[in-house]
Amino acid sequence: MQQKVPLSTYAVVGTMLFGMYFGAGNLIFPIQLGQLAGTNFWPAIIGFLLTTIGLPLLGILAIGLSGSNGVRDLAGRVHPLFGLVFSMALYLTIGPFFAIPRTATVPFVVGFEPFIQPEHISLWLGIFSFLFFAIVYVFSLNPAKIIDYIGKYLTPAFLVFLFLLIIVALVKPMGQFNEPIGDYTNMAFMTGFQEGYNTMDALASLAFGIVVINAIKGRGITDVKGIASATWKSGIFAMGLMTIIYGLITYMGASSVAAIGTYENGGLIFAAVAQHYFGSFGAILLAIIIVLACLKTSIGLITACSEFFHEVFPKVSYKMFVLILCLVSFTIANFGLNNIIQFAIPVLMFLYPLAIVLIVLGLSSSVFDHKKGVYVVSMILTFFVSIIDGYSALVESLPSLTFSILEAITNVYLDYLPLYGIGLGWIVPALIGAIIGYLWPTNKHQTEIS
């Protein structure tokens, strides 16, 4: 009989999970949301939490409760080739192409760039990012220790500095909530919902799922039911902590307009709030918060990506992949934050609907008897929408890439596809695909997924 798992195990694993999720993006997006939403604080934050808390928790559960051995196994229920291609695209997106380089550029831009002469920014970005990824490399070499590095040390240190700023903002509020701005005036809930996409947390949940499972196994929990139980309990702990912090950061942003004015991004808002309360010391405090937030997230991403690529290409060692990913991330980081964001958005718009549908199918698989056709048709119809979403986002940045046939398809979607105008056009096709896949006749030996 297995020994009862102590609550401290769930707390430590949950803290590790929180630490891997909560990076700089999770700081800068909610504080800006607060400024823009103003008196529409509640509908905006509820919509934001659905995509930054609800979807990531479902993603973790989809891996932990479905018995999948990671995102490749789950996506492989559509087709083995799709499982490989989708999982590689996901890991490259939340890994060395976009998310990991951002973990170095965001703390540099927010915490250090304001104090550097413009002509020296490239040099200091190179120095900072080299030191940053050197630290990440050392910490990522032993994945078995990640639960200690992130769960016991880095995350608590980060929380201490973050709560210092939050508590002061609560005790000495900067002002009242202002009127909402832009889309938050009439569409606060849906705007907050879509804003949550920027954190990439739903994508990361599919990648972090296997890291969490391995961490749980490292605590001596090896049977399937025990792993499943520990997964959802640790996930609830992590997401509960994130909910509290998101709410407090959003409140801080909503109450800050009268004191500091509005800014074009959340990083500048955080800097202004820190300056408001602590003066020049605020810049140092903010730099510590941002560096710790990004450092722990980067370690989690490097670990998850290295374990995945080592599994796909076993002839290359885990430690070699850690080195390769750190070098690639260092290189891309030096192209600058604006370029990283510009090219990340189209990829996110393409991948996000596919990831969400895959998560929902994985969790509800027993409802439709694990029928393969449901996975296949639902994902195909979702793909036809998400590819246009990605194209539209790319054209916004690079108008020269406009294609007439894709523009025509976009217009058809806008005119006839429900919810497409608010970025949720994939929902109806996914549902129709699931129904068609369920009703589609199959041979008995092909009906269920083993």
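The values are calculated or read from the model by the stated rules, or taken from the named source; none is laboratory data. Computed from a predicted structure; not experimentally measured. Positions of Cβ are backbone-derived with ideal geometry, glycine not excepted, and every protein chain shown enters the neighbour counts.
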Item to check | Filter result (under 17 Å from the mean Cα position of the chain (by Cα) and more than 14 Å from residue 28 (Cα to Cα)) within the stretch 97-113 | outcome: 97, 98, 99, 100, 101, 104
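Can you confirm whether residue 231 is of a type in the set (Ser, Thr, Tyr) and without any contact (Cβ under 8 Å) to a residue 40 or more places away in the chain?
Numbers: of a type in the set (Ser, Thr, Tyr): yes; without any contact (Cβ under 8 Å) to a residue 40 or more places away in the chain: no.
Spelling it out, it is not the case that residue 231 is of a type in the set (Ser, Thr, Tyr) and without any contact (Cβ under 8 Å) to a residue 40 or more places away in the chain.
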Next on the checklist: Just to be sure before I move on: is residue 311 among the acidic types (Asp, Glu) and modelled with pLDDT of 85 or more in the structure I sent?
Outcome noted: yes
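Could we say that residue 317 is of a type in the set (S, T, N, Q) and crowded, with 20+ Cβ neighbours inside 10 Å here?
On the way: of a type in the set (S, T, N, Q): yes; crowded, with 20+ Cβ neighbours inside 10 Å: no.
No; evaluated as a whole, the condition is false for this residue.
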Next on the checklist: On the basis of being modelled with pLDDT of 90 or more and either touching a strand residue (DSSP E or B) at 6+ places or on another chain (Cβ under 6 Å) or surrounded by fewer than 22 Cβ atoms within 10 Å (Cβ to Cβ) (or both), does residue 177 make the cut?
Outcome noted: yes
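Have a look at 182, 218, 226 and point out the one that is under 30 Å from residue 291 (Cβ atoms) and of a type outside the set (A, V, I, L, M, F, W, C).
On the way: 182 fails: under 30 Å from residue 291 (Cβ atoms); 226 fails: under 30 Å from residue 291 (Cβ atoms).
That would be 218, the only listed residue that is under 30 Å from residue 291 (Cβ atoms) and of a type outside the set (A, V, I, L, M, F, W, C).
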Checklist entry - Among the residues of the stretch 179-228, which ones are in contact (Cβ under 8 Å) with a residue 24 or more places away in the chain and among the polar types (S, T, N, Q)? => result 185, 191, 194, 198, 199, 205, 214
Item to check | Hits in the stretch 335-374 - residues which are more than 19 Å from the chain's Cα centre (by Cα), closer than 23 Å to residue 266 by Cα and surrounded by fewer than 17 Cβ atoms within 10 Å (Cβ to Cβ) | outcome: 335
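From the list 249, 284, 210, 245, which one is assigned to a helix (DSSP H, G or I) and surrounded by fewer than 18 Cβ atoms within 10 Å (Cβ to Cβ)? Before you say what the answer is, go through the steps one by one.
Numbers: 249 fails: surrounded by fewer than 18 Cβ atoms within 10 Å (Cβ to Cβ); 210 fails: surrounded by fewer than 18 Cβ atoms within 10 Å (Cβ to Cβ); 245 fails: surrounded by fewer than 18 Cβ atoms within 10 Å (Cβ to Cβ).
So the residue among 249, 284, 210, 245 that is assigned to a helix (DSSP H, G or I) and surrounded by fewer than 18 Cβ atoms within 10 Å (Cβ to Cβ) is 284.
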Item to check | Yes/no for residue 344 being in contact with a helix residue (DSSP H, G or I) (Cβ under 9 Å, 6 or more places away or on another chain), under 30 Å from residue 110 (Cβ atoms) and small (Gly, Ala, Ser) | outcome: yes
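Quick one: which of 383, 350 is outside the structural domain of residue 421 (by TED's automatic domain parsing), in a helix (DSSP H, G or I) and of a type in the set (Phe, Trp, Tyr)? Don't jump to the end; show me each part of the working.
Values: 383 fails: outside the structural domain of residue 421 (by TED's automatic domain parsing).
Being outside the structural domain of residue 421 (by TED's automatic domain parsing), in a helix (DSSP H, G or I) and of a type in the set (Phe, Trp, Tyr) holds for just one of 383, 350, which is 350.
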Next on the checklist: Given the condition outside any helix (DSSP H, G or I), polar (S, T, N, Q) and in contact (Cβ under 8 Å) with a residue 40 or more places away in the chain, answer yes or no: does some residue in the stretch 327-343 qualify?
Outcome noted: yes
Item to check | the stretch 55-98 - residue that is charged (D, E, K, R) and surrounded by 23 or more Cβ atoms within 10 Å (Cβ to Cβ) and, of those, modelled with the highest pLDDT | outcome: 77
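Quick grid of which residues meet (1) of a type in the set (Phe, Trp, Tyr); (2) within 20 Å of residue 251 (Cα to Cα); (3) touching a residue at least 24 places away in the same chain (Cβ under 8 Å); (4) not in a helix (DSSP H, G or I):
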| residue | (1), (2), (3), (4) |
| --- | --- |
| 25 | no, yes, yes, no |
| 34 | no, yes, yes, no |
| 37 | no, yes, yes, no |
| 48 | yes, yes, yes, no |
| 52 | no, yes, yes, no |
| 64 | no, no, yes, no |
| 73 | no, no, no, no |
| 86 | yes, no, yes, no |
| 91 | yes, no, yes, no |
